[in-house]
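Student: Sharing a structure here in structure tokens format.
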Amino acid sequence: MRVRLPHPATLGPLLALAVACGFFAIQSDRFWTGDNLSLVLQQVMVVGVIAIGQTLIILTAGVDLSCGTIMALGGIVMTKFAVDAGLPAFAAIAAGIGVTTLLGALNGVLVSRIKLPPFIVTLGTLNIAFALTQLYSHAQTVTELPAAMTSLGGTFRLGGTSVVYGVVLMLALYGFTWFALRETAAGRHVYAVGNNPEAARLTGIATQRVLFGVYVLAGVLYGVAALLSVARTGVGDPSAGQTENLDAITAVVIGGTSLFGGRGAILGSLIGALIVGVFRNGLTLMGVSSVYQILITGILVILAVGTDQLSRRGAVG
């Protein structure tokens, strides 16, 4: 019977996660408890879902700086449609996800058809989504949401530990994306476009369609993340998404996906999100200021990008 080792792209992040968990378990008795580990999963579920969309885009050698603000706009649209317009919860949720999908499609058209740089396009969309969120919400938090809109924030008991339904949804999305990238032609086309778009085009892959589809799918995932954010906080918050942009990119890069495209594993992004969550949770338990948490996150990103650059040079050499 053969024992399959983890994918090389996930082995390093997995070891880093194990070391981080071991370190914080030694530093704090509260870290390695079911309730605290459940809290870590709750804290990373929103960023984790955003990171799925971000991973797909980075695999095509792109990047999306607008993911957090698009998520915030989707959350405001779905909550205001439910509370102010009186729409049924499911219709309001569909409207919110529809808005994030449209903005993802806008990014996709500008990147795939107009050939504009993803960095510039998504920087512009970041500001557009932020402005629309503030204008539509009047910078006011939306409260008194219907129960169906926050149901994913509910919990069930598993082995004496409370598990949030939203975490289950996040893990299911990772499983589905893992299967699609690994076992389907569309998934392999994403890697091919990111590795060498011209070579992919010459083999018959519709590179523009792949790029457009990736950005649209990312928009859908940002809408799902908006729903999870609303479910977790119980409000529509126009200030949401301020840190999710960088957190999602951090999770993807730490998880081993190359910023140059064509290399990486979706499960690595999940591990990367967990690493960020474990560091923040562990440092909080140790009483370390949040400023140092941001500092350490920045150092982790630079180390991950530096490692990626060195490994790429080694592969070329």
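Student: In the list Leu211, Leu217, which residue meets the criterion of being hydrophobic (A, V, I, L, M, F, W, C), in a helix (DSSP H, G or I), at pLDDT 95 or above and open to solvent by 70 Å² or more (accessible area, probe 1.4 Å)?
Tutor: Leu217
Student: Could you tell me which of the residues Ile275, Ile249, Ile294, Ile205 is among the aliphatic types (A, V, I, L, M), in a loop (DSSP other than H, G, I, E, B) and out of contact with any Asp or Glu (no Cβ under 7 Å at 6 or more places or on another chain)?
Tutor: Ile205
Student: Restricting to segment 108-125, count the residues that are closer than 18 Å to Ala206 by Cβ, assigned to a helix (DSSP H, G or I) and either open to solvent by 70 Å² or more (accessible area, probe 1.4 Å) or in contact (Cβ under 8 Å) with a residue 12 or more places away in the chain (or both).
Tutor: 4
Student: How many residues does segment 126-142 hold that are open to solvent by 50 Å² or more (accessible area, probe 1.4 Å) and of a type outside the set (S, T, N, Q)?
Tutor: Residues in segment 126-142 being open to solvent by 50 Å² or more (accessible area, probe 1.4 Å) and of a type outside the set (S, T, N, Q): 7 in total.
Matching residues to (1) more than 18 Å from Leu39 (Cβ to Cβ); (2) buried (at least 24 other Cβ atoms within 10 Å of the Cβ):
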site: Ile254; (1), (2): yes, yes
site: Gly262; (1), (2): yes, no
site: Ile266; (1), (2): yes, yes
site: Ser269; (1), (2): yes, yes
site: Gly272; (1), (2): yes, yes
site: Phe279; (1), (2): no, no
site: Gly282; (1), (2): no, no
site: Met286; (1), (2): no, no
site: Ser290; (1), (2): no, no
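Student: So Ala85 fits all but one of (1) without any contact (Cβ under 8 Å) to a residue 24 or more places away in the chain; (2) in a helix (DSSP H, G or I); (3) among the small types (Gly, Ala, Ser); (4) closer than 30 Å to Thr143 by Cα; what number is the exception?
Tutor: If we test Ala85 against (1) without any contact (Cβ under 8 Å) to a residue 24 or more places away in the chain; (2) in a helix (DSSP H, G or I); (3) among the small types (Gly, Ala, Ser); (4) closer than 30 Å to Thr143 by Cα, just (2) comes out false.
The values are calculated or read from the model by the stated rules, or taken from the named source; none is laboratory data. The structure displayed is predicted, hence computed values, not measured ones. Neighbour counts run over all protein chains shown; Cβ positions are idealised from the backbone, glycine included. With ligands, DNA and RNA removed, areas are computed over all heavy atoms of the protein, side chains included. Shrake-Rupley method; radii C 1.70, N 1.55, O 1.52, S 1.80 Å.
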